[in-house]
Ligand SMILES: [Zn+2]
Ligand SMILES: [Zn+2]
């Protein structure tokens with residue numbers, strides 16, 4: 001059962017042969033999978049139905065209905081250009097060679113992986129032809145051996161879990177005796193800080209000196225990288241002030257309001273002492289804070 005061994009590599013029972021590649025090719029036409037289209041939740045759902053309909057036309061290495069890993073593999077196949085699929089005759093070679101171009105993007109809202117599973121950690125998988133919405137479980141299970149993709153995933157996960165912890169602490173802090181006169185240091189992107197800052201300090205002093213220095217260092221580093229990449233000047237002040245408000249928003253938006261909203265959407269969250277943070281969605285997808 002050599003076929004099955006290679007099929008397992010990508011955690012699917014679908015055998016990657018010409019029959020299968022033809023089904024993928026037909027699906028592109030029938031479901032209008034055009035270049036750079038995002039395979040959204042609705043398209044993914046109809047693709048799963050399409051795969052079910054073609055059960056008898058596809059070779060699988062173990063009997064039984066299609067399951068999530070099979071739906072996932074099918075969607076991922078559609079993310080590549082057909083000419084790329086045609087180059088390979090097994091899943092192992094395809095995934096080792098071509099799943100190097102995956103990009104991960106965090107999309108912070110409840111969603112559904114292309115396999116049909118409900119997910120809260122949302123990424124987009126980009127195969128160069130088109131992209132699909134995927135969850136961390138499928139990403140990690142699908143033999144993505146590219147170190148930079150794995151590192152990116154683990155970084156995003158770490159930041160998210162810190163965000164959750166921050167939000168919980170913000171709630172806990174409100175019940176503390178000191179909360180009336182002090183606030184917690186915002187910490188750094190990768191660290192929660194236990195130091196406290198007196199409320200007599202100006203509001204922009206949101207970090208202790210230690211965290212302030214660390215954040216500044218990281219920002220300078222990011223700016224240096226950006227400068228090197230784009231070879232143009234970056235308005236440092238503008239950059240750090242928008243980072244500042246974004247940090248504040250992330251720390252104080254207890255309701256976890258959606259980020260993915262129409263242009264012009266206004267949101268606000270409670271900050272402190274009757275002050276609120278406001279933000280408006282811009283046409284380029286960013287937020288303007290004040
Ligand atoms: Zn999935
Ligand atoms: Zn600190």
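The table below lists the values:
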{"item": "Highest-first arrangement of 42-50, 189-197, 261-269, 119-127, where packing means the average Cβ count within 10 Å", "result": "119-127, 42-50, 189-197, 261-269"}
{"item": "Footprinting exposure proxy for 37, 216 (fewest neighbouring C-beta atoms within 10 Å first)", "result": "216, 37"}
{"item": "Spin-label pair residue 41/residue 62, simplified geometry with 7 Å Cα→Cβ offset, distance in nm", "result": "3.0 nm"}
{"item": "Extended-chain gain in nm, criterion 0.36 nm per residue less alpha-carbon gap, residue 161 and residue 28", "result": "44.1 nm"}
{"item": "Chain lengthening between residue 170 and residue 217 when straightened (0.36 nm per residue, less Cα-Cα)", "result": "14.4 nm"}
{"item": "Net length gained if the chain between residue 19 and residue 97 were fully extended (0.36 nm per residue, minus Cα distance)", "result": "25.9 nm"}
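Every number in this text was worked out from the coordinates using simple rules, so none of it is lab data. None of these values were measured; they are calculated from a predicted model. A quick note on method: Cβ atoms are made from the backbone with ideal geometry, for glycine too, and the neighbour counts reach across all protein chains shown.
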